[in-house]
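In what follows, a single structure is set out as structure tokens and then discussed.
The values are calculated or read from the model by the stated rules, or taken from the named source; none is laboratory data. The model shown is predicted, which means the values in this text are computed figures rather than measured ones. So basically every Cβ, Gly included, is an ideal-geometry build from the backbone, and we count neighbours across all protein chains shown. We work out accessible area using only protein heavy atoms, side chains counted, and drop any ligands, DNA or RNA first. Shrake-Rupley method; radii C 1.70, N 1.55, O 1.52, S 1.80 Å.
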Amino acid sequence: MLTLNNVEVIYNDVILVLKGMSLHVPEGKIVGLLGSNGAGKSTTLKAISGLLKAEDGEVTDGNIQFLNADIQHKDASDIVRQGIFQVMEGRRVFEHLTTEENLVAGSYTRSSVNLRDEIEIVYEYFPRLKERRHQTAGYLSGGEQQMLAIGRALMAKPKLMMLDEPSLGLAPLLVMEIFNIIKRINEEQKTTILLVEQNANLTLSVADYAYIMESGRIVLEGAPLDLRENADVREFYLGLTEVGQRKSYRDVKHYKRRKRWLS
Amino acid sequence: MALFIQLTLTGLTNGAILALAALGFVLIYKSSDVINFAQGEFLLIGAYVIFGLVAQVGIFWPVSLILTVLIAVALGVVVERLVLRPMIGEPIISVIMVTIGLSSLLKAIVSAIWGTIPQAFPAFIPSAPVKILGATVGEDRLWALVIAVLMLGLFNIFFTRSREGIAMRAVADDQQAALSMGISVKKIFAWAWSIAAATAALGGLLVANIVGVSGELAGFGLRVFPVVILGGLDSIPGAIIGGIIIGLLEAYTGGYIGQGLNQVLPFVVLIVILMVRPYGLFGQEIIERV
Ligand SMILES: Nc1ncnc2c1ncn2[C@@H]1O[C@H](COP(=O)(O)OP(=O)(O)O)[C@@H](O)[C@H]1O
Ligand SMILES: [Mg+2]
């Protein structure tokens, strides 16, 4: 459905951030994209959604294909109309609008649609939003704002929903709840999902396939089960340490690996 | 008592027209952070265009009215596209200078076409005196009040019920997020400028109908500043209530205390209110959750 081939992104004409990023998202699946801070995950999503241009970033090489057509030169509103919706990092709800007005804003590109029915679908996934429907979004809790951000995306009825760190700053129980709903949206609405996260454990538990990126390119990819077996992933993403290895050797390698992962 | 009612009606009328003009100002500020010093000239242009169409060209007034609104909308789009869009990302002060320049330019265009001598406005709104509760007011004032209130009501519906109106407020809140839902920020800016120009044109027409057409009208437009600062630069209800408050204040001071003072008192009240509420009466505070 979505394919990135060797994408290169440069900000302000000088800062090279994506250095040959390639990735494939098959229709109907949940694909995880993991990586530490500054790896270029958000930049990848913005390159796909066309939001890059508003930040003076540019795709300078490679291509991005959605449903077999190049989209890297389209602008953001065209891309939303084609069926890609990015839920931005940090929720970004419209603070001075009510919950319901936020949802209406989400449906902006779908002019001929019964708003009431669409809003009810969102409330089925997030009953808590219904209770807060007339409240100013800026005063919702962090979890409710994340639900609203996802609800806004549902209103656009995208073919591909891209979520940028939905777990950021939320309590573990809430994160579980939100991940379950993401899984349900994928199954019930047939929405393909590209999930950007730092929470490797949960991501690997819902994703069909996952990529790990580091300073602007993919360094590892595989099915969740295989990734869970990988020593580097276990150590740096799942926080598990191997027991019974020779210590001195491990320390050296640890240092080198840590440097590579976290630089 | 008759005087009080008379002053109240005058104040309400002026206030409602001020609110219309202020509304456009707030809209522009809210969506694009531009302080539009040319808002007064939009009033001026609206009044002169309809004057020209009705009194000079001789077009039936309802048709002229529609044409005037369309011309104002076009003017808004052109100004946004040619003057403001190239300024995106420039320092606030440069943008302010540009709108001040724009105001001189528009004023110059108006005096080049119509000269500087005040003219009588074509009387298509009846202005016979009417008696209400013992007070006597011109029927045109009542019409102005009714039209302004109606317009404000329509805008309220537009901003809270229509997708386009909600999108405008969304852009005001977070441009990048609005972009991510496919809202075209450029289109919204153009909308804001055209609505601002159109409402100001209507406001200009209503004032001109009461006081005649002259360069003075731009001065009426200048009074939107105390209004918007009082109501809060970014608040639509603030613009309306601010307009009414300033309108009434001016009328009461003018009537009870003396002409002249009525131009000053609004500013005194303004300063007092700003000391208590620095964002204006209804200005949006930055929401900080705990
Ligand atoms: N608008 C921008 N201008 C310049 N550099 C940027 C911009 N946005 C992000 N970067 C840089 O690009 C790199 C990747 O950032 P980002 O994509 O946000 O990473 P992640 O989402 O994985 O944390 C960082 O080094 C960051 O400083
Ligand atoms: Mg990020």
Members of the stretch B:191-204 that are open to solvent by 10 Å² or more (accessible area, probe 1.4 Å) and more than 14 Å from chain A (Cβ to nearest Cβ)
B:Ser194, B:Ile195, B:Ala198, B:Leu202
Verdict on B:Gly232 being on the phi > 0 side of the Ramachandran plot and in contact with a Leu (Cβ under 8 Å, 6 or more places away or on another chain):
yes
Go over the candidates B:Phe37, B:Phe42, B:Phe25 one by one and state the one that is more than 9 Å from the chain's Cα centre (by Cα), in contact (Cβ under 8 Å) with a residue 40 or more places away in the chain and over 30 Å from B:Leu133 (Cα atoms).
B:Phe37
For the stretch A:32-40, state whether one or more residues are of a type outside the set (Ser, Thr, Tyr), more than 14 Å from chain B (Cβ to nearest Cβ) and surrounded by fewer than 17 Cβ atoms within 10 Å (Cβ to Cβ).
yes
In the stretch A:143-155, what residues are more than 11 Å from chain B (Cβ to nearest Cβ) and either within 19 Å of A:Ala171 (Cα to Cα) or open to solvent by less than 10 Å² (accessible area, probe 1.4 Å) (or both)?
A:Gly143, A:Gln146, A:Met147, A:Leu148, A:Ile150, A:Gly151
Just need a number here: residues in the stretch A:209-234 that are open to solvent by less than 50 Å² (accessible area, probe 1.4 Å), among the charged types (D, E, K, R) and within 16 Å of A:Val196 (Cα to Cα).
1
Residues that are away from ligand 1 (no atom under 14 Å from the Cβ) and either in a helix (DSSP H, G or I) or within 14 Å of chain B (Cβ to nearest Cβ) (or both): does the stretch A:12-31 have at least one?
no
Unique match (being modelled with pLDDT under 95, touching a Gly at 6+ places or on another chain (Cβ under 6 Å), away from ligand 1 (no atom under 16 Å from the Cβ) and farther than 26 Å from A:Asn68 by Cβ) among A:Leu238, A:Leu174, A:Leu227, A:Leu202
A:Leu174
Of the criteria (1) farther than 30 Å from B:Arg161 by Cα; (2) modelled with pLDDT of 95 or more; (3) open to solvent by 10 Å² or more (accessible area, probe 1.4 Å); (4) more than 16 Å from ligand 2 (Cβ to nearest atom), which one A:Val17 fails
(4)
Single condition B:Glu164 does not satisfy, out of (1) open to solvent by less than 30 Å² (accessible area, probe 1.4 Å); (2) part of a helix (DSSP H, G or I)
(1)
So, in the stretch A:73-106, of the ones that are under 30 Å from A:Asn63 (Cβ atoms) and part of a loop (DSSP other than H, G, I, E, B), which residue ends up nearest to the other protein chains (Cβ to nearest Cβ)?
A:Arg92
Options A:Leu129, A:Leu140, A:Leu160; residue that is more than 10 Å from chain B (Cβ to nearest Cβ), open to solvent by less than 20 Å² (accessible area, probe 1.4 Å), in contact with a helix residue (DSSP H, G or I) (Cβ under 7 Å, 6 or more places away or on another chain) and more than 16 Å from ligand 1 (Cβ to nearest atom)
A:Leu129
Residue pairs, Cβ under 8 Å, 6 or more apart or interchain, first in the stretch A:160-187 and assigned to a helix (DSSP H, G or I), second within 16 Å of ligand 2 (Cβ to nearest atom) and of a type in the set (A, V, I, L, M, F, W, C). List them.
A:Ile178/A:Leu170; A:Ile182/A:Leu163; A:Ile182/A:Leu195
Of the residues in the stretch B:52-81, those that are charged (D, E, K, R) and open to solvent by less than 30 Å² (accessible area, probe 1.4 Å) come to B:Glu80
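Listed here are the residues, each with its yes/no results for (1) under 25 Å from A:Leu34 (Cα atoms); (2) touching a residue at least 60 places away in the same chain (Cβ under 8 Å); (3) crowded, with 22+ Cβ neighbours inside 10 Å; (4) assigned by TED's automatic domain parsing to the domain that holds A:Glu8.
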{"position": "A:Glu58", "(1), (2), (3), (4)": "yes, no, no, yes"}
{"position": "A:Ile64", "(1), (2), (3), (4)": "yes, yes, yes, yes"}
{"position": "A:Lys74", "(1), (2), (3), (4)": "no, no, no, yes"}
{"position": "A:Ile79", "(1), (2), (3), (4)": "yes, no, yes, yes"}
{"position": "A:Asn102", "(1), (2), (3), (4)": "no, no, yes, no"}
{"position": "A:Gly106", "(1), (2), (3), (4)": "no, no, yes, no"}
{"position": "A:Val113", "(1), (2), (3), (4)": "no, no, no, no"}
{"position": "A:Ile121", "(1), (2), (3), (4)": "no, no, no, no"}
Somewhere in the stretch B:131-150, is a residue open to solvent by 30 Å² or more (accessible area, probe 1.4 Å) and within 14 Å of chain A (Cβ to nearest Cβ)?
no
Looking at B:Ile183, is it at pLDDT 90 or above and part of a loop (DSSP other than H, G, I, E, B)?
yes
Please find, among B:Ala178, B:Ala172, the residue that is touching an Asp or Glu at 6+ places or on another chain (Cβ under 9 Å) and assigned to a helix (DSSP H, G or I).
B:Ala172
